[in-house]
Amino acid sequence: MIDIYVNIAGNLFIFAIFGWAVSLITKNVTHVDSMWSIFFVIAYITAMQEMRILSYQNIAVLFLVMIWSARLTVYLSIRNFGSKEDIRYQEIRSNNEPNFKFKSLYIIFIFQAVLAMIISLPLIALATSNHPYGVLDMVGLGIVIFGILYETIADFQLKQFVKGNNKGVLDTGLWRHSRHPNYFGEFLVWWGFYIVSFGSGHLIAIFSPILMTWLLLKFSGIGRMESTISGRRPGYKIYAQQTSSFIPWPRKK
């Protein structure tokens, strides 16, 4: 079992080093956002190749992981294409000069590979298990599908809003009942994968959705966004007072 984790880590680190090499050429690390979801495809396929176990769960999860990854990678690649380095990475760069181009290997790329390794735990548990298909699997897969659809709709609504050069606040559609419905959809995806993996008996997999929830709420998601968005979006403070930050909920009057 240790060999599987070693091989997965090795493949993730190779991919991370490739991304870092690209950043040396472009002098921009923003493409790591597009790489993020691909880490999980690499982890799951590596685990499946090592175990050679084909079950209904494995096939269904492989399909969903690839759909989730392709959607997120394409969406972020289109959004970031031709743009200067994201402000998040500009701040990290300025805080880690001189020689950020070398430090970025572990600060940005290896760090994301390590996070992806931990969050992939339910996927690895599934790839190494052949537990019977049951109710929990159906529930988990249903939650994953709903989460993917939910964040896809949220991202589409946001893209249409930004496309219209609107400088106000998006408070319609899914954004009317949650300030971050795309993050809520991502939350559902990873708790869904954990539920599917529950029958494998790999209890360590619980760290995956817990870590993802923390990242979404505190580290790179809502916490970071909320600290700057009020100054960029007139009316956001009022919107924030009326609208749930994460879980969709009826608006306050």
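For the reader, a short list of remarks on this structure follows.
- When the helices of the chain are scored as -39500 (n - 2.57) per DSSP H run of n ≥ 4 and the total is divided over every residue, the value at 222 nm lands at -22000 deg cm²/dmol.
- Dipole of the chain [Lys/Arg +1, Asp/Glu -1 at C-beta], most positive-end residue of 96, 193, 142: 96
- Span-like helix ranges in the chain, DSSP H, alpha carbon extent 27 angstrom or more, Kyte mean at least 1.6: 2-26
- Overall, the chain carries a charge dipole of about 1160 debye about its Cα centre when +1 sits on the Cβ of Lys and Arg and -1 on the Cβ of Asp and Glu, all other atoms neutral.
- Point-charge dipole on Cβ atoms (K/R +1, D/E -1) for the range 1-130, about Cα centre, debye to 20: 260
- Net +/- balance of residues flanking residue 71 in space, Cβ distance below 13 Å, scoring K and R +1, D and E -1: -1
- Cα-projected label distance for residue 25 with residue 66, points at 7 Å along beta-carbon direction, nm: 2.6
- Distance in nm between pseudo-label sites at residue 247 and residue 217 (7 Å out along the Cβ direction from Cα): 1.0
- Of (1) 0.93; (2) 1.00; (3) 0.98, the label for Rg/Rh (Cα atoms, Kirkwood Rh) derived from the coordinates: (3)
- By average C-beta atoms within 10 angstrom, highest first, the peptides 194-206, 91-103: 194-206, 91-103
- Whole-Å distance, taken between Cα centres, linking the range 84-128 and the range 213-253: 24
- Global geometry of the range 50-176, whether rounded, prolate or oblate, following the gyration tensor of its Cα atoms and the 1.5 cut on a/c: oblate
Every number in this text was worked out from the coordinates using simple rules, so none of it is lab data. Keep in mind it's a predicted model, so treat the numbers as computed, not measured. So basically every Cβ, Gly included, is an ideal-geometry build from the backbone, and we count neighbours across all protein chains shown.
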